[in-house]
Amino acid sequence: MTSLGNARYALRQFRLSPGFTATAVLTLALGIGGTTAIFTLIDAVMLRSLPVTDPSTLYRIGEGDDCCVQGGPQDKWGMFSFPLTERLKAASPEFAEITAFQAGMGRLSVRRAGSDSAAKPLRSEYVDGNYFSVFGIGALGGRLFTAKDDRAGAPPVAVLSHHAWQTAYGGETAVVGSTFVIEGHAFTIVGIAPPRFFGDTLRSDPPDIWIPLHQEPLILGDGSLLNQPVSAWLRMIGRLKPGATTAGMAPRLTGLLRQWMQNESGYPSNWMPDVMRGLSKQVIDVIPAGGGVEVMKEEYGRSLRILFWVCGLVLLIACANVANLLLVRSVARRGHTALRLAIGATRRQIVLQALAESVLLALGGGIAGLVVAMGAARLLLKLAFSTSRFLPIGVTPSLPVLGFAVGVSVLTGIIFGAAPAWFATRADPAEALRGQGRGSSDRSSSASKVLLTLQATLSIVLVAGASMLGRSLNNLEHQDFGYQTRGRVMVQLNSPPSDYSVPKLNALYRQVEERLNRLPGVSGSGIAMYNPLTDNWGELILVAGHAAAGPGTDSGASWDRVSANYLNNLGVQVLRGRGFNEGDNERTELVAVVNEAFVKRFFTKNENPLDQHFGLDLPKYAGTFRIVGVLRDAKFAGFGLKRPARPMFFVPLAQNVDYKDDLMTRLELRSHFVHGIMLVTNTAPGTLEPLLTQTLAQVDPNLTITSVRKLEDQVALSFDEERAVASLAGLFGVIALILAAVGMYGVTAYSVARRTPEIGIRMALGANRGNVVGMVLQGASARVLIGLLAGVPLAIGAGRLISAELYGVSNWDPPALSVAAGALIACTFVAAFIPANRAAAISPTSALRAE
């Protein structure tokens, strides 16, 4: 029979057994669909190139995903100051063009000139004038930047993303050429980027608007980073010239970097000894950048790989299940197979026919699996990016994904079809035709038991791993953050315009806080440079009377600038000394409060930190702040939430340090431009937002809100990725249990059917209902027990592999292992009890007649 004939024959058999076909296809759809869903995201996040011209010739100078401003040595450099980018460009003749662009994103207040509508907080990115030409991007409407747009004194221009043009401005063609007011300054929108271009980095909520680098001082004013040699905030990508290679570039650029660090970096003198000691570690690599800056690959790669292996285990369980179904089917059709062998069919033809059926089943499961894959991919994206307004990742299968699905389907069909195909040829035609081989110990029965044990083993691994991840997520979300999360609402702001002076800002904040405290349902408020879990500022700490510290990680601390009542209303506990009060203002001594981790890092056990002085970055400022209080550790940074709290200090919003250095003056000024408001209230954010918008507009129309949410929700959002992994792992664990139960039911029912005469004889000889049920359950329990004994060590090993994702959970977590074992035992007991109970109901006469 030809391959086409085998396929036609298989389809006829499927029509004759619709129940079997539907069960097999659905089972495979779950396994293949889950695996394909994860591969869809792996393809989109980790494998796909930017939608630009010839991405294979794009290379990045530097690597890493650190963001957003670095003030010291980086070891493997990935961000650079603008002066350093100019030096690196000049030293890279292999590139036809090199562009520099902002490492992170900001939000700018943007409104259309002459419009009465409120300003919109658009996500922005500063870029070189040749940014779009390096990527080979053309404009959808108008034009994109040129070198003339990116120079001092050039007319202010901007380019809108296609998404922002559609969603924020309704796709109006009149937008191109219009004047927009950005942070109080008039800009002309010269063009619209093409629909599929979302920038240099795949990320959720990509830039809405691009602005030339040389317009950054116009918007940020005295806080500008453009000409600061110390501040690294730009990434670089270049396009190679035809025939050029990157060989030798990295050592050359590394040498230039080290020379620059010694002579032109502008590092403070107290940093230089540490800089010189670590100079040999400072390197610049040149890496392929066809996929852009792979931030999401770094952030989500490990989680996607975990889910891929989880889905792979589910697929193996599904394969074992379908293999068991085919084994049962092949035994049931043994007489027919023997007849074919007796009349001249070869064993090769029998095997090919069986494989054709299994591959067609797998392809059917693969087609259904694509539907499952799109749904599962959407679910994962919704879980992992729950707050994203726009995510430039689609779930429509690409050609690589379709190829993967077909490949997995064919391979799966061969894997689960091989054993049944082989057993189909083992029957002796004479015995099969005489009805022999109905005993309980034939090889197909043994194979079914082995497959069932494999299902139990893999199910233990999956359910235990999912339980570990779920317990870890619960520990993360319910850890002690060091402040009250209930009854606290966080408001995120666009910072005030950059031309506001510190006295004007202080007066503005006092007025805002007074108005906030009068809102209905609000019992307290506070204003901060940033709210918990939203941002992080860090500086080098120098303690008066202590040796000057260098720019090492053990000498830094995070910090925040807050209003007098912020910490108290947030519920941060003062352990020693005092917190801030209204007396800590512009006319009084500069003070600070520090956390326990700060005290442990910068003071010895015998030192009393109260009334000690410290400062930032430069030795001459070591006496700037007097410590008036020690706070209980609290986690403010939006990262590292699996680790203990970082050293941190707080300074009053109303106070200002009169630095004499340009860099420190700029740092001090920018720290007064707040982004956070905290409210003590039980009023829902949806009810608060219009009241807040109206209140802030009455105080200053330049204050725009970007988000309003409960602090509890902010905590939950910090663990979106962990929640996505735990949720999907749990879902696949449940599917694994269901498949294992179905497999147990099928094998037990098949075993009971084949042992019907034996059961009849036992009952005729005096066995009661309980004896029969016990006999059947004993066989099922033995297979589950073997699966448990094999699965528990494997589950512990899997826990070790995912230990980096766990918080407060060991890799041999007894509760997780107990849940997995208990769930498997319960599911398989129910699945085995049904056919066992049915067997006990058989009358001896009917059973003996069946023989």
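Of the options [x] 63, 33, 25; [y] 51, 39, 22; [z] 47, 35, 24, only one is semi-axes √(5λ) of the Cα gyration tensor in Å as computed from these coordinates, and that is [x]. Within the chain, antiparallel bridges make up roughly 75 percent of the DSSP beta bridges whose residues both belong there.
Projecting the Cα positions of M79, A37, V52 onto the charge dipole of the range 1-148 (unit charges on Cβ atoms of Lys, Arg, Asp and Glu, taken about the Cα centre) puts A37 furthest along the positive direction.
A cut-off of 5 Å between modelled amide H atoms, ignoring neighbours fewer than 5 places along the same chain, links F95 with K241. Summed over the residues of the chain and divided among them, the accessible surface reaches 41 Å² per residue at a probe radius of 1.4 Å.
Label positions at S115 and M276, each projected 7 Å from the Cα along the C-beta direction, are separated by 5.7 nm.
Phi angles across the range 171-182 convert, under the Karplus curve 6.51 cos²θ - 1.76 cosθ + 1.60 with θ = phi - 60°, into 3J(HN,Hα) values of x, 5, 5, 5, 4, 5, x, 7, 9, 10, 9, 10 Hz, Gly and Pro given as x.
Nonpolar atom fraction for the chain, defined as the carbon and sulfur part of the 1.4 Å probe accessible area, stands at 57 percent. Only alpha carbons enter this Debye calculation for the range 576-656, each as an equal point scatterer, and the log10 of I(q)/I(0) it gives at q = 0.11, 0.15 Å⁻¹ is -0.30, -0.56. Within the shell defined by Cβ-Cβ distances under 14 Å, the residues around T35 carry a net charge of 0, with Lys and Arg each +1 and Asp and Glu each -1. Separation of the range 134-186 and the range 210-235, taken as the distance between their Cα centroids, equals 18 angstrom.
With a cut-off of 11 Å between beta carbons, the residues surrounding G743 carry a summed charge of +2, where Lys and Arg count +1 and Asp and Glu -1.
For the chain, the 222 nm mean residue ellipticity estimated from helices alone, with every DSSP H stretch of n ≥ 4 adding -39500 (n - 2.57) and the total spread over all residues, rounds to -16000 deg cm²/dmol. Amide H contacts under 5 Å for R107: S124, restricted to partners 5 or more places along the chain or on a different chain, H placed in the peptide plane at 1.01 Å from N.
Among L452, I541, A96, flag the residue with its Cα farthest along the positive direction of the charge dipole of the chain, charges on Cβ as +1 for Lys/Arg and -1 for Asp/Glu. Projecting each Cα onto the dipole axis, the largest value belongs to L452.
Each Cα pair under 8 Å and six or more residues apart adds its sequence gap; the mean of these over the residue count of the chain is a relative contact order of 17 percent.
Please tell me which of these pairs span more than 21 angstrom C-alpha to C-alpha: K600/K642; K600/K635; K76/K660; K382/K710? Flagged as over cut-off: K76/K660. Between V773, G623, S231, whose Cα lies farthest towards the positive end of the dipole of the chain when Lys and Arg beta carbons carry +1 and Asp and Glu beta carbons carry -1, centred on the Cα centre? Working it through, the farthest residue towards the positive pole turns out to be V773.
With K and R counted +1 and D and E -1, the other residues having a Cβ less than 14 Å from that of M664 yield a net charge of -3.
The values are calculated or read from the model by the stated rules, or taken from the named source; none is laboratory data. Not measured: the values here are computed from a predicted model. Neighbour counts run over all protein chains shown; Cβ positions are idealised from the backbone, glycine included. SASA here: full protein model, heavy atoms, side chains in, ligands and nucleic acids out. Shrake-Rupley method; radii C 1.70, N 1.55, O 1.52, S 1.80 Å.
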